[in-house]
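Notes for the one structure printed next.
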Amino acid sequence: MDKKKIQIHATNINGLGASQVVISFLEASSSLGFLQNTTVFLPSDSFNFNAENTKIRIYKRFLPNPISRFVECFFSSFIFSNVPTIVLGDIPLRGIHNQVVLVHQPNLVYPKINKFSGKSLKFRINRFLFSINQVYAKKIIVQTGAIAEEMIKSYPAIKDKVVVIPQPVPNWLDKNKTAISVKESKIKLFYPSAFYPHKKHEFLLKINEYLCKENIQDYDFEIWLTLKEEEFQSFKHVGFLKNLGQLSTSEMNDYYKKADALLFISSMESYGLPLIESLTIDLPIIVADFNYSRWMCENSAYYFDPYDEKSLLKAIYDFTNDYRLGHKVNYIKVLEKFPDNWEDVANSFNHLLLNK
């Protein structure tokens, strides 16, 4: 960037959503000429990215991941160069003095601030590393005002470092708007999400228990999940659930076009990529009522009480009624706070890193 030697650190990016964010960012940075004389550290060869005059380094792990991450983040000055650094994976690198750090791990928030934050040893170690390393970060980038507030409450010393930079959809998304078509068949609700505890898939079992208890058999909806086959085993008996398996980006586009609405029941998000994807293509959204979802969708979604079965069913019912009547969503106002393209995001990171 500007002919200064820098490095981009993305060694712990493994999930599909986070990987697509990183690839979109790198592609935009490359197209703007920001990756000249740059070293990019990636976790594996599975990242389909290359750029002229850019060094790609695969960071190989020989220890269990939690131990490896601790060594990597605590002894960073012995592993990486002390040059301006963009960290795309949550935790500042110890001993490297000019860093812009992107936080997209909501479990860095302390449980005392957000009760849904992970309490496992892995997340406790991550929070410890962030707390002792945050002094080395020049700026902390978060994607929403909601996560900014919770991060500042968790780590008050970063108050003047936090910058909110929302992100556009990944480059793979087909931005053609979803056309509404009134159907007489069951409503198709799409929940693209990995099987993490905060994604609350178990809540769907409570929905089924409630329907059985109330002897409701003529429900008018079907929910599509994206789980591995072994993860779906405990849900196979639920009549309104269909598992699509893990999807490629092209398959994601296909199912976005086939779905009638997005269902999003996650209890905790730093962003929630399916939300911005649905906003972009005018897909109606039924979402749990949390701070992150209110920041993302404002008053343009169908909200439900996160742990109330009747509330979710009412939100589905309200959406279905509107849908059958041909009502269309309008996200123009909501989308104003999001950048139009990844070049804008890359420019923002570049400016924050290289300007005093």
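On the given criteria, is LEU63 over 23 Å from the mean Cα position of the chain (by Cα), aliphatic (A, V, I, L, M) and surrounded by fewer than 16 Cβ atoms within 10 Å (Cβ to Cβ)? Steps first, answer last, please.
Values: over 23 Å from the mean Cα position of the chain (by Cα): yes; aliphatic (A, V, I, L, M): yes; surrounded by fewer than 16 Cβ atoms within 10 Å (Cβ to Cβ): yes.
So LEU63 passes the test.
Of all the numbered requirements in (1) under 21 Å from ARG127 (Cα atoms); (2) open to solvent by 40 Å² or more (accessible area, probe 1.4 Å), ILE86 misses one, and that requirement is (2). Among the residues of segment 99-115, those identified as part of a loop (DSSP other than H, G, I, E, B) and surrounded by 17 or more Cβ atoms within 10 Å (Cβ to Cβ) are VAL103, HIS104, GLN105, VAL109, TYR110, ASN114.
Collect the residues in segment 119-162 that are β-branched (Val, Ile, Thr) and either touching a residue at least 60 places away in the same chain (Cβ under 8 Å) or under 21 Å from PRO84 (Cα atoms) (or both), keeping them in residue-number order.
First, pick out the residues of segment 119-162 that are β-branched (Val, Ile, Thr): 125, 132, 135, 140-142, 144, 147, 152, 158, 162.
Answer for segment 119-162, where residues must be β-branched (Val, Ile, Thr) and either touching a residue at least 60 places away in the same chain (Cβ under 8 Å) or under 21 Å from PRO84 (Cα atoms) (or both): ILE132, VAL135, ILE140, ILE141, VAL142, THR144, ILE147, ILE158, VAL162.
Can you confirm whether LEU189 is open to solvent by less than 30 Å² (accessible area, probe 1.4 Å), in contact with a Phe, Trp or Tyr (Cβ under 8 Å, 6 or more places away or on another chain), outside any helix (DSSP H, G or I) and within 30 Å of ASP340 (Cβ to Cβ)? Break it down into steps so the answer makes sense when it comes.
On the way: open to solvent by less than 30 Å² (accessible area, probe 1.4 Å): yes; in contact with a Phe, Trp or Tyr (Cβ under 8 Å, 6 or more places away or on another chain): yes; outside any helix (DSSP H, G or I): yes; within 30 Å of ASP340 (Cβ to Cβ): yes.
Yes; evaluated as a whole, the condition is true for this residue.
Picking from residues in segment 1-31 that are open to solvent by 10 Å² or more (accessible area, probe 1.4 Å) and aliphatic (A, V, I, L, M), the one that is modelled with the lowest pLDDT is LEU16. Please go through segment 73-96 and give me each residue that is within 14 Å of ILE132 (Cα to Cα) and either more than 23 Å from the chain's Cα centre (by Cα) or part of a loop (DSSP other than H, G, I, E, B) (or both), ordered by number. PHE74, PHE75, SER76, ASP90, ILE91, PRO92, LEU93, ARG94, GLY95, ILE96 - these are the residues of segment 73-96 that are within 14 Å of ILE132 (Cα to Cα) and either more than 23 Å from the chain's Cα centre (by Cα) or part of a loop (DSSP other than H, G, I, E, B) (or both).
Here PHE240 meets the list (1) among the hydrophobic types (A, V, I, L, M, F, W, C); (2) crowded, with 20+ Cβ neighbours inside 10 Å; (3) touching a strand residue (DSSP E or B) at 6+ places or on another chain (Cβ under 9 Å) almost entirely, failing just condition (2). Take the conditions more than 23 Å from GLY272 (Cα to Cα) and touching a helix residue (DSSP H, G or I) at 6+ places or on another chain (Cβ under 7 Å) and apply them to PHE49. Does it pass? Yes; evaluated as a whole, the condition is true for this residue.
If I filter segment 258-271 for residues that are of a type in the set (Asp, Glu) and open to solvent by 40 Å² or more (accessible area, probe 1.4 Å), do I get at least one hit?
Filtering segment 258-271 for residues of a type in the set (Asp, Glu) gives 260, 269.
Those still in the list that are open to solvent by 40 Å² or more (accessible area, probe 1.4 Å) too: none.
No, because not a single residue in segment 258-271 is of a type in the set (Asp, Glu) and open to solvent by 40 Å² or more (accessible area, probe 1.4 Å).
Tell me, which residue of segment 214-228 that is within 29 Å of ASN171 (Cβ to Cβ) and part of a loop (DSSP other than H, G, I, E, B) is least open to solvent (accessible area, probe 1.4 Å)? Outline the logic, then answer.
Pass one, segment 214-228, residues within 29 Å of ASN171 (Cβ to Cβ): 223-228.
Now narrow it down to the ones that are part of a loop (DSSP other than H, G, I, E, B): 226-228.
On the way: THR226: 19, LEU227: 1, LYS228: 84 Å².
So, considering only residues that are within 29 Å of ASN171 (Cβ to Cβ) and part of a loop (DSSP other than H, G, I, E, B), the one least open to solvent (accessible area, probe 1.4 Å) is LEU227.
Each row is one residue, and each column tells you yes or no for (1) in contact (Cβ under 8 Å) with a residue 40 or more places away in the chain; (2) within 20 Å of the chain's Cα centre (by Cα).
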| site | (1), (2) |
| --- | --- |
| GLY239 | no, no |
| GLN246 | yes, yes |
| LYS258 | yes, no |
| LEU262 | yes, yes |
| TYR271 | yes, yes |
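Of all residues in segment 147-200, those satisfying the criterion of being of a type in the set (A, V, I, L, M, F, W, C), in contact with a helix residue (DSSP H, G or I) (Cβ under 9 Å, 6 or more places away or on another chain), at pLDDT below 95 and within 23 Å of LEU227 (Cβ to Cβ) are VAL169, TRP172, LEU173, ILE187, ALA194. Close contacts from segment 304-332, counting a first residue that is of a type outside the set (A, V, I, L, M, F, W, C) and a second that is open to solvent by less than 40 Å² (accessible area, probe 1.4 Å), with Cβ to Cβ under 6 Å and a gap of 6+ residues or different chains, come to ASP305/SER311; PRO306/ALA288; GLU309/ILE207; SER311/PHE304; THR320/ILE187; TYR331/LEU279; TYR331/SER300. If you filter segment 138-181 down to residues that are closer than 15 Å to ILE113 by Cα and open to solvent by 60 Å² or more (accessible area, probe 1.4 Å), you find that the one that is farthest from the chain's Cα centre (by Cα) is PRO156. Taking (1) over 27 Å from LEU247 (Cβ atoms); (2) touching a Pro at 6+ places or on another chain (Cβ under 8 Å); (3) outside any loop (DSSP other than H, G, I, E, B) in turn, HIS198 satisfies each apart from (1).
The values are calculated or read from the model by the stated rules, or taken from the named source; none is laboratory data. From a predicted model like this one, the values you see are computed outputs, not experimental measurements. Because the Cβ atoms are built from the backbone with ideal geometry, glycine has one as well, and the counts that use them run over all protein chains shown. Each accessible area value is taken on the protein alone, full model and side chains, heavy atoms only, with ligands, DNA and RNA left out. Shrake-Rupley method; radii C 1.70, N 1.55, O 1.52, S 1.80 Å.
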